[in-house]
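Let me begin by presenting the structure, written as structure tokens, before commenting on it.
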């Protein structure tokens, strides 16, 4: 695949103090995204149902701390069905960005998204090849970014869709930092932009391989309070919750919570 004008190499910085810098990207994908069970089906429907029922702009998208995963972008593409004008994909983990880059270049060792693509074909009638080709031919910007830092001016009010999944509550166990992460989301969307959010419910941490990561306990009773503290005023909001499908895998949460809404103009 030819590199688009805005593609940047996901080269890691010299050093970082974040526990997520060396995040075990492939182990994470294999643990949570190797099939489309009840949880991932609910995740995808929280996006596809919302976008299919509304005529909203989808030209420019920012994926906030997207990890190594392309589930949300593939769900969006199944509704849009043509290349995005611009995708800004951010994460602090260099291995995460390399996983995304490997899929964009169609490398042999890329993660297998065929179970998801087949599900999207069955569920929403989206052609798997069209999803992949349209997503790969979008203009991409891969950015190694630490969301503890100030939001770049060029990202402010610049996106039709702000997509953030399993980040704010799974990147910290500190309430003030959680609210700060959410507050930064509010700076990214155009007036009337769509916000797509996902959270682990009632998590006190999770394990990938042998490594432990922090989390903050979010649920349906406190999430809107934290969004309000962060200044995120939304309308046309939909919320859904799905229980953990297999507690024996020790996923680190009781349920998953999904929110979709639009910024008030």
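Just so you know, all these numbers are worked out from the coordinates, no wet-lab data involved. A quick note: this is a predicted structure, and the numbers were derived from the prediction, not measured. All Cβ positions, even for glycine, are placed from backbone atoms using ideal geometry, and neighbour counts span all protein chains on display.
For the pair region 19-50 / region 215-243, the C-alpha centres are spaced 19 Å from each other.
Region 158-207 and region 86-102 have their alpha-carbon centroids 17 Å apart. Converting the Cα gyration tensor eigenvalues of region 152-265 into ellipsoid dimensions via √(5λ) gives semi-axes, longest first, of 26, 15, 12 Å. Going from the fewest other Cβ atoms within 10 Å to the most, the residues 18, 78 appear in the order 18, 78. Every Cα-Cα pair of the chain was included, and the share exceeding 30 Å stands at 21 percent.
Which one, 153, 194, 207, has the greatest fluctuation when you compute a Gaussian network model over the chain with C-alpha springs under 10 angstrom? So, out of 153, 194, 207, the one fluctuating most is 153. Available extension along the chain between residue 207 and residue 154 is 15.6 nm, counting 0.36 nm per residue and deducting the alpha carbon span.
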